[in-house]
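A.B. asks: I'd like to ask you about the structure that follows.
The values are calculated or read from the model by the stated rules, or taken from the named source; none is laboratory data. Bear in mind the structure is a predicted one, so any value in this text is a computation, not a measurement. Reconstructed Cβ throughout: ideal geometry from the backbone, glycine too, with neighbour counts over all protein chains shown. What goes into the accessible areas is simple: the full protein's heavy atoms, side chains included, and nothing from ligands, DNA or RNA. Shrake-Rupley method; radii C 1.70, N 1.55, O 1.52, S 1.80 Å.
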Amino acid sequence: MNILKGAIAGYGPRKNVVLGLVRLASTSSSGASSSSVKDTAITEDEMSHFNALASSWWDVDGPQRILHKMNLLRMDFIHTTIREHLQLNEPNTPVEDEIYVPAYGLELLPKPIRNRIISEQENKRDEILGKSKLKALDVGCGGGILTESLARLSFIHSVKGIDLSSDVLQAAKVHQLKDPQLTKLQYELKAIEDLPSNQQYDIITMFEMLEHVTYPAKVLEEALSRVKVGGWVFISTINRDFVSWFTTILMGEHLLNIVPVGTHTLDKYINQTEIKDWIESDSDRSEKYKVVRAEGCIYLPAYGWKFTENPNVGNYFMAIQRKK
Amino acid sequence: MLFKRLLATAAKSVQGPVLQDVVIIGGGPAGLSLLAALKSSSITRNLKCTLVEGSSLEGIREFADSPPEEYTNRVVSLTPKSVEFMQSKIGNWEFMNQDRIKFYNNIIAYDSQDRTSRIVFDGSAIEAGFLAVMAENVNIQSSLLQRISQLKEEGVDSTILDNTKVLSIGSALKEAEAASESTNIMSENVATASDWPIVNLSDGSSIQTRLLVGADGFNSPVRKYAGIQSRGWAYDRFGVVATVKLQYEDYRSIGWQRFLTTGPLAILPLTEDNATIVWSSTPELSEILIACDEQIFPELVNAAMTLDEVSLNFIYAKLKKNPNDFSVLDDIPWRQSRLKVNDLEENYPLPVTEVVPGSRARFPLKLSHADTYTSARIALVGDAAHTVHPLAGQGLNMGQGDVQALVEAIEKGVTRGMDIGSTLVLEPYTSNQWPGNHVLMGVCDKLHKIFSTDWYPIVFLRGFGMKNLNMLDFVKDMMIKNISGR
Ligand SMILES: Cc1cc2nc3c(=O)[nH]c(=O)nc-3n(C[C@H](O)[C@H](O)[C@H](O)COP(=O)(O)OP(=O)(O)OC[C@H]3O[C@@H](n4cnc5c(N)ncnc54)[C@H](O)[C@@H]3O)c2cc1C
Ligand SMILES: C[S@@+](CC[C@H](N)C(=O)[O-])C[C@H]1O[C@@H](n2cnc3c(N)ncnc32)[C@H](O)[C@@H]1O
């Protein structure tokens, strides 16, 4: 009972985080200064926060309701992104077998032709997805809301969920056992950098997680290095309204050197454009990876989550594809 | 450490009964439609589905190869929207016995207390090209069973258990909760126990299911298990149905409805010289309608379609004393003779000459609506969710709308990798379907109230309204919309 109460109380301010209404300021000197902590680590108070949430993680009407609701929209995001970017024609497909992909906008074509092209393309997509067997990794999987959903998709071969909070992972495992369908799913208490770097994935997801880590760029880098060519990294997090620290943290030592101890009350939110800039800032990175889609989203109490016009405000989803 | 133990018990709890994704209770039109629709959708067809029906479906299976000569008495009118759903989504329409369905385009509604008031619905303006189509319940159910068999032949499997009653429904979670309540100790089982409903069947088996759908009619055991309230009231009225023969085939394809003070009487066209009647009446009158001789009944229908209320009451009174008082067979034509012949021919239905023996049945009319159609791992469709007055012939069509909306919600859930028993998946079904049904039920209820009274001011208004269609336009609009499902 106490655990539950603590969880709800502890969740209070973070509800706002998810809503993107209030900027979460967090002192994270511990992670930065202590060498015993993982590079991609979560801070201790964050950890105990998530531990406390474990018992109520799967109550869809409980403290995680907003996350549960968000999952509907992000599954749409993942599904449609993968679907839209399927390669409809393998290289060297004979012209007569090729699915017609017009060079210009479909809207310009007469309706019957357009409909035929669309339905042909959709059938081809079903066919390709029907044969696909994708390997997925969910980083910071928490109680497994997204992890379970991925594991139920027919085109997913297997899913690994990793997290650094043992309690939420236990909650995830208990919940997994309640559904006999969840056989493609496996949880591990691990930091991403501790996964063998030769373990490559088609899909790596990091939802509502980057804003909790000390070195987001490091985590992202670890993720990008583990995605197969053609594969995807999907993330969601929250834009910050001011002070950029994402890139500066990357050069952590520099920053720590110039900022007097105790003054670095860091805002952990990461602007959408910062991730794009970060990828483009490095020629090797920008050759290999591309931000294919970024979409803002907002929570409307009576409705749930919906996409917005602007990925630069509030929460956003992002899809990064590995090109080479 | 605690969690280790929890894991062990949770693992145990998923063994035992047969596991399914969807169990549908009820093999009526709603339940069979849902099974066929789920199996027809490329997104949901891999779900493991079982349908349980308490009675035998043998008669329905036989209907495909050897339909009875006469029409059965459960005949419904389907809207273009329902037909479209059956054609394009469920795929059962092609299995309907096409010789036993009747498209019609016009409804003429008129009043027993005011000769001059009349509403004519002309369906030719409707996009679908027809206003409604009459079909037997058994024809619809048979076509659904055939569609389900066809899918099986194509490798899309499902199970139908008929002659199998649901004895009880429970869940491991409910048991664990009850146990912890009685011992006052928070049992750790509560955290791990599965909330999947377990359905215990009369053949001794049990099924544990991700989603339990109640398509189990008005008294829905599933609704009771879920603790969902259903609110409503019984009208002090009975519906009497019968299959009848007309003097000859009526090529006009008109549905006739006359508003009597005791309730509306409808004669709806079937193929050839057949027609079906639905007569909403007082308990007292309904008893007469069931008890009277097979020779008297057709004349009674003719009388109720043509004579004034005073004459009708005179005849009812005679029959109340003796349901086999054959003297009414002389009274009725004599009283009708006061009407002009060409008026009778043009403005009234063809005379009924016979009632098909054994086709008369009566049932109480009620209106009720469940507070919600969904809760965790539960969905209600069809009469389990709502029962309406048959005035506008909407019951079965509302069920088709439910099935369509529920399948859409489940499809979305599957595409998103959700647990389809979760309220996150099911809630949109309630929020899409419930408000529309509620409005429709309100309209049926109001129509009933407007049209079954003899309180003078209302009769006056009603007559006035019928003559001045502007005033009753809303009623007409509603009726057209309701009848054709637009
Ligand atoms: C006389 C009459 C005329 C009507 N006219 C029209 C009309 O013109 N137009 C229209 O649209 N609608 C009409 N309706 C309404 C329509 O028939 C019903 O709405 C429709 O049949 C409801 O279908 P359903 O599948 O929801 O329920 P039902 O047909 O009631 O099916 C429920 C099934 O569940 C089964 N069941 C129940 N409990 C259990 C259990 N414990 N275990 C196993 N099985 C169980 C029952 O055996 C039954 O087969 C009319 C209804 C009546 C009675
Ligand atoms: C808000 S929850 C989101 C959970 C899940 N991704 C979802 O969206 O449903 C954030 C999770 O990230 C985990 N986390 C934070 N930092 C992490 C890190 N460096 N490595 C792995 N997991 C981390 C936390 O333990 C917590 O479970």
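A.B. asks: Suppose we keep only residues that are more than 14 Å from every other protein chain (Cβ to nearest Cβ) and of a type in the set (D, E, K, R) within the range B:22-55. Which one would you say is nearest to B:D402 (Cα to Cα)?
C.D. replies: B:K39
A.B. asks: Please give the number of the condition B:R335 fails out of (1) open to solvent by less than 50 Å² (accessible area, probe 1.4 Å); (2) touching a Lys or Arg at 6+ places or on another chain (Cβ under 9 Å).
C.D. replies: Exception for B:R335: condition (2).
A.B. asks: What are the residues in the range B:199-221 that are more than 23 Å from B:V414 (Cβ to Cβ), more than 26 Å from the chain's Cα centre (by Cα) and part of a strand (DSSP E or B), if any?
C.D. replies: Those that are more than 23 Å from B:V414 (Cβ to Cβ), more than 26 Å from the chain's Cα centre (by Cα) and part of a strand (DSSP E or B): B:N200, B:S206.
A.B. asks: So in the range A:40-90, with the set limited to residues that are open to solvent by less than 30 Å² (accessible area, probe 1.4 Å) and small (G, A, S), which one is modelled with the highest pLDDT?
C.D. replies: Among those residues, the one meeting the criterion is A:S56.
A.B. asks: For the range B:430-444, does any single residue satisfy the condition of being within 16 Å of ligand 2 (Cβ to nearest atom) and over 13 Å from the mean Cα position of the chain (by Cα)?
C.D. replies: No.
A.B. asks: When the range A:308-324 is examined, which residues are found to be open to solvent by less than 60 Å² (accessible area, probe 1.4 Å) and within 17 Å of the chain's Cα centre (by Cα)?
C.D. replies: A:P311, A:G314, A:N315, A:Y316, A:F317, A:M318, A:A319, A:I320, A:Q321, A:R322
A.B. asks: Please state which one of B:K39, B:K48 is open to solvent by 30 Å² or more (accessible area, probe 1.4 Å), at pLDDT 95 or above and more than 10 Å from ligand 1 (Cβ to nearest atom).
C.D. replies: Residue meeting the stated conditions: B:K48.
A.B. asks: Is there a residue in the range B:254-262 that is of a type in the set (S, T, N, Q) and in a strand (DSSP E or B)?
C.D. replies: Among the residues of the range B:254-262, at least one is of a type in the set (S, T, N, Q) and in a strand (DSSP E or B), which makes the answer yes.
A.B. asks: On to the next question. Please state which of the following conditions B:N324 fails to meet, knowing it meets all the rest: (1) of a type outside the set (K, R); (2) in contact (Cβ under 8 Å) with a residue 12 or more places away in the chain; (3) open to solvent by less than 50 Å² (accessible area, probe 1.4 Å).
C.D. replies: Failed condition: (3).
A.B. asks: Are there any pairs with C-beta distances below 6 angstrom linking a residue in the range B:23-36 that is closer than 16 Å to B:P197 by Cβ to a residue that is charged (D, E, K, R) and within 9 Å of ligand 1 (Cβ to nearest atom), with the two at least 6 apart or on different chains, and if so which?
C.D. replies: Going by the 6 Å Cβ cut-off, the qualifying pairs are B:I25/B:D216; B:G26/B:D216.
A.B. asks: Out of all the residues in the range A:157-180, which are without any contact (Cβ under 8 Å) to a residue 60 or more places away in the chain, within 8 Å of chain B (Cβ to nearest Cβ) and not hydrophobic (A, V, I, L, M, F, W, C)?
C.D. replies: A:K173, A:K178, A:D179, A:P180
A.B. asks: Look through the range B:133-160, keep the residues that are open to solvent by 40 Å² or more (accessible area, probe 1.4 Å) and assigned to a helix (DSSP H, G or I), and return whichever of them is nearest to B:L270 (Cα to Cα).
C.D. replies: B:Q146
A.B. asks: State yes or no: is B:S149 more than 14 Å from chain A (Cβ to nearest Cβ), hydroxyl-bearing (S, T, Y) and under 25 Å from the mean Cα position of the chain (by Cα)?
C.D. replies: Spelling it out, B:S149 is indeed more than 14 Å from chain A (Cβ to nearest Cβ), hydroxyl-bearing (S, T, Y) and under 25 Å from the mean Cα position of the chain (by Cα).
A.B. asks: Now for a different question. For residues in the range B:415-444 being assigned to a helix (DSSP H, G or I) and touching a Lys or Arg at 6+ places or on another chain (Cβ under 8 Å), which is nearest to the other protein chains (Cβ to nearest Cβ)?
C.D. replies: Once the filter is applied, the top-ranked residue is B:L424.
A.B. asks: Identify, by number, the condition in (1) in a loop (DSSP other than H, G, I, E, B); (2) over 26 Å from the mean Cα position of the chain (by Cα) that B:E299 doesn't meet.
C.D. replies: Failed condition: (1).
A.B. asks: Taking the condition of being closer than 30 Å to A:S225 by Cβ and surrounded by fewer than 16 Cβ atoms within 10 Å (Cβ to Cβ), how many residues in the range A:291-307 meet it?
C.D. replies: 2
A.B. asks: Going through the range B:269-288 one residue at a time, which ones are part of a loop (DSSP other than H, G, I, E, B) and of a type in the set (D, E, K, R)?
C.D. replies: B:E272, B:D273
A.B. asks: Name the residues in the range B:276-296 that are more than 13 Å from ligand 1 (Cβ to nearest atom) and either within 14 Å of another protein chain (Cβ to nearest Cβ) or more than 12 Å from B:R362 (Cα to Cα) (or both), would you?
C.D. replies: B:C292, B:D293, B:E294, B:Q295, B:I296
A.B. asks: Follow-up question, since we're still on this one. Taking strands (runs of 3 or more DSSP E) that fall entirely within the range A:109-194, which contain at least 1 residues that are open to solvent by less than 10 Å² (accessible area, probe 1.4 Å) and more than 11 Å from ligand 2 (Cβ to nearest atom)?
C.D. replies: In the range A:109-194, A:134-139, A:156-163 are the strands (runs of 3 or more DSSP E) which contain 1 or more residues that are open to solvent by less than 10 Å² (accessible area, probe 1.4 Å) and more than 11 Å from ligand 2 (Cβ to nearest atom).
A.B. asks: So, in the range A:66-86, of the ones that are more than 9 Å from chain B (Cβ to nearest Cβ) and without any contact (Cβ under 8 Å) to a residue 60 or more places away in the chain, which residue ends up nearest to the chain's Cα centre (by Cα)?
C.D. replies: This residue is A:T80.
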